[in-house]
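The structure under discussion appears below in the form of C-alpha cells.
The values are calculated or read from the model by the stated rules, or taken from the named source; none is laboratory data. As the structure is a prediction and not an experimental result, all values here were calculated from the model. Positions of Cβ are generated from backbone atoms using ideal geometry, with glycine treated the same way; all protein chains shown enter the neighbour counts. Heads up: the accessible areas ignore ligands, DNA and RNA and are worked out on the full protein's heavy atoms, side chains in. Shrake-Rupley method; radii C 1.70, N 1.55, O 1.52, S 1.80 Å.
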Amino acid sequence: NFTHELKNPMTSIIGYADILRSGKYDKETNIKSANYIFHEAKRLETLAHKLMDLMELSNENIELEKIDVVCFMNNLYNDIHESLENIELKLEIEDGCIIADKVLLEDCLRNLIDNSKKADPKDKRIRVLGKNEKDKYRISVEDKGCGIPKEDLPRILESFYMVDKARARENGRNGIGLSICEKIANLHHTKLMIESELNKGTCVSFYLEVDKGEE
C-alpha cells in the first residue's frame, strides 16, 4: 500500500521536472510545474512523517499520567485554532481527570481535528466533546462534513485506505491519520468508535480511564 501511494506523486514529480529540464516551455508553465513539484514533495514529506509516527507507536513509549481534561483541551485549542483558518474549533468539555499519555493523546486529537477540517464541514465548525459516562470519560471529535459511505466504514481504519482517493490527495490526506489514532487508542486499552453518514458528517469517539484519586 505504501509503495502504491508513492507511485503517483513520484510519477508526477518526474514528469513535471522533465518539463522544467527541457527548457521548451513558457514562464507560466514552468511556474505551474515547479508549484506542482513542491506540492507533491510536501505531501510525500507529510506521508513519511505520519508513517514514522505509526511505526514508532508501541507499549514502550507510552507514559500514563493524570490529566486535567479542561486544562489539556484549552491548551490544545490555543495551540491549533489559528491553523484551522476559517474553521471554528468549539470545545464542550466537562470537568474531569483522566489517565493518559499527554503527548499521544494530543497527537490523536490533532489527527482527528485535521481529518474533520479536510472533510470540509458545512457549518465551518469542528466540535470537540468531553463527557463523563459512568466510570469512563468519553472524548469525541464531530463535524458536519462530507461523511463516509456506509460500505467504507469497515475499512476506514486501515493504513492508506482512502474513501475518495482523488479528493483525498487534493485535500492532503494520506490515509494514515486514523490508523495512528486507532493505534494510540489501543495503547490506552480502548478503540475508536466511528459514526458517519455521507454528506452529513462524522463523529469519532473513544473512552479513557478516569483518575479515581487512589494512590
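Tabulated data
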| quantity | calculated |
| --- | --- |
| Sparsely packed trypsin sites (Lys or Arg not before Pro) within the stretch 1-49, loop by DSSP, other Cβ within 10 Å at most 11 | LYS24 |
| Nearest-0.05 FRET efficiency for ASN30 and ASN75, computed from C-beta distance (R0 35 Å) | 0.20 |
| Cα centroid separation - the stretch 100-158 against the stretch 191-213, whole Å | 6 |
| Per residue, the convex hull volume that the Cα atoms of the stretch 23-111 enclose (Å³) | 112 |
| Listed residues GLY96, GLY130, GLY15, most fluctuating in the chain (Gaussian network, C-alpha, under 10 Å) | GLY15 |
| Cα centroid separation - the stretch 40-54 against the stretch 55-93, whole Å | 21 |
| Linear extension gain, ILE62 paired with GLU92, 0.36 nm per residue minus alpha-carbon span | 8.1 nm |
| The chain - accessible surface per residue (Å², probe 1.4 Å) | 59 |
| The stretch 1-42 - Rg over Rh from alpha carbon coordinates, Kirkwood radius | 1.05 |
| In the stretch 60-131, trypsin sites (Lys or Arg not before Pro) in a DSSP loop with at most 15 other beta-carbon atoms within 10 Å | LYS122, LYS124 |
| Under-5 Å amide H pairs with ASP101, H placed in peptide plane, nonlocal only | GLU65 |
| Portion, in percent, of the accessible area of the chain that falls on carbon or sulfur, probe 1.4 Å | 50 |
| HN-Hα J in Hz across the stretch 193-207 - Karplus 6.51, -1.76, 1.60, θ = phi - 60°, x for Gly and Pro | 10, 10, 10, 7, 9, 4, 6, 10, x, 9, 10, 10, 10, 7, 9 |
| Along each principal axis, Cα extent of the stretch 18-71, largest first, Å | 62, 27, 7 |
| Stokes-Einstein diffusion coefficient of the stretch 78-139, Kirkwood radius over Cα pairs, 37 °C, 0.692 mPa s, in µm²/s | 256 |
| Among ALA100, ALA48, ALA17: highest mean-square fluctuation, GNM of the chain, C-alpha pairs under 10 Å | ALA17 |
| Where Rh is the Kirkwood radius over Cα pairs, Rg/Rh for the chain | 1.04 |
| Filtered chymotrypsin sites (Phe, Trp or Tyr not before Pro), the stretch 1-58: DSSP coil and at most 16 other beta carbons within 10 Å | TYR25 |
| Estimated [θ] at 222 nm from DSSP helical runs (n ≥ 4, -39500 (n - 2.57)) normalised by residues in the chain, nearest 500 | -15000 deg cm²/dmol |
